[in-house]
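Bear in mind that the values in this text are calculations on the coordinates, not laboratory data. Just so you know, these numbers come straight off a predicted model, no measurement behind them. Note that each Cβ is placed from the backbone with ideal geometry, even for glycine, and that neighbours are counted across all protein chains shown.
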Amino acid sequence: MATTSRILLLLFLTSTLMAQMPQNPSPMVEHTREHPRLTKEMPPGLRVGLGLGTLFVPERVKNTQGVRLLFFFHGGDWLPEVAVAHQRKMAVVSVQAGAGSSTYANLFADPMRFPKLIAEAESKSGLKFGEVDLAGWSAGCGALREILKDPPSYKCVSRVLCIDGVHTGYVNGTPGPTESQIQTDNLQIWLQIGRDAIVGKKRLIITHSEIFPGTFASTTETADYLLREWGLKPHPVVKWGPMKTQILSEVKRGRLLVIGFAGNSAPDHVDELHSLPEYLKWLLERRA
C-alpha cells in the first residue's frame, strides 16, 4: 500500500510539473535544407520613437500623400525596416515587446492605444497615411488579434499578415491523444477577417509551419480549424518558397491566402520571418 501511495504521489508531482512547464524550443535540427538570412542593414530614412515602438520612413518616400503604414510586431528593429525599404511608399512601426502572445495582446488592452499611435506617427512624420496594415511573427500575432477585436480599429485596417503565429490553447490543457480539441475563443476574430477577405473586403495572409509546441495548439492545428469553418480545403503542393523554404499546402479564395510550410525546427520558424520582404509583395497584390 505504501509503495502504491508513493507511485501515485510521484505521478501527481510529475503531471503537475509538466503542466507548469512552458514551451521548450524544438530539439529538432536538420541539415538538408539551407536557412539563408537577410543581412542586417540600416536603410536610410527617418526614425522616430513613438509611445510604443519606432516609426521608420524610408528615404525614398518623398510624397506625403498615399503612404501606407505597416505595424509589425515581434520582428526586431532592423528586419522590418529592411523589408519595407524594398516596397514603394510604405513606412513601418516596429514593436518588440518580449515573449509570449499575451505580452503583445496586453499592449492593446486599451483600444484607444492603436488609433493614438497612428495619430502620433502622422504628427511626428508629417505624413498622412493612406492605408494601415498589420503584420506579426510568432508571438507578435497576439497584438494583431487584440487590435482587430476593436471595431473602429478593425475598420481602419486594410491588410493583415500573420506569420506562423495564430495560436490558441487546448480544451483539456493538453493535446491528443488523437486529433486535439482546441480552444476557439481566440480564433473568432480570424474567422471574421477571413470571411471579409474571401469576399474582397480585407486582405489576409496566414502562414503556418509543422512546429508542434505541445503546451498550446500549433499554427497548423489553428489553420485547419479556420479552413474548416470557412468551408475551404488546403490544396497540397510541393514547391520552393522564399528564403529556400518549402511550401506544402496553399489555399486561395478571394483575397485570402493560407500557406503551409515544411519544417518543425527553430530555424524553420525564423525562415518565415526572414521571408518578410516577399510576404509584403504578396500582401500588396490586388488578388490572392
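Worth pointing out:
- Footprinting exposure proxy for Arg253, Arg203, Arg88 (fewest neighbouring C-beta atoms within 10 Å first): Arg88, Arg253, Arg203
- Computed from backbone phi with θ = phi - 60° and the Karplus coefficients 6.51, -1.76 and 1.60, the 3J(HN,Hα) list for the range 90-106 is 9, 10, 9, 10, 9, 10, 10, 10, x, 10, x, 5, 5, 4, 6, 4, 5 Hz; x is used for glycine and proline.
- Equivalent ellipsoid of the range 91-211: semi-axes from √(5λ) of the C-alpha gyration tensor, largest first, are 28, 16, 13 Å.
- The chain: most fluctuating residue of Glu179, Glu120, Glu59 per GNM, C-alpha cutoff 10 Å: Glu179
- Residue of Asp268, Asp185, Asp196 that the Gaussian network model of the chain assigns the largest fluctuation, springs spanning Cα pairs under 10 Å: Asp185
- Once the Cα-Cα distance is subtracted from the 0.36 nm per residue extended length, the Asn264 to Gln181 segment shows a gain of 27.8 nm.
- Less than 5 angstrom separates the built amide H of Leu248 from those of Gly260, Phe261, Ala262, all sequence-distant by 5 or more or on a different chain.
- Under the membrane-span-like helix rule (DSSP H runs whose alpha carbons stretch at least 20 Å along the helix axis, mean Kyte-Doolittle hydropathy -0.5 or higher), the chain yields 2-20.
- For Ala97, the residues whose modelled amide H falls within less than 5 Å of its own, excluding neighbours fewer than 5 places apart on the same chain, are His74.
- Of the beta bridges in the chain, as assigned by DSSP with both residues counted there, near 40 percent are antiparallel.
- Phi to ³J(HN,Hα) by Karplus 6.51 cos²θ - 1.76 cosθ + 1.60 over the range 60-67, Hz, x for Gly, Pro: 6, 7, 9, 6, 7, 10, x, 7
- Spin-label pair Ser123-Glu34: with each label point 7 Å from Cα along the Cα-Cβ axis, the two points sit 4.8 nm from one another.
- Residues with amide H under 5 Å from that of Ile182, placed H, sequence gap 5 or more: Val171
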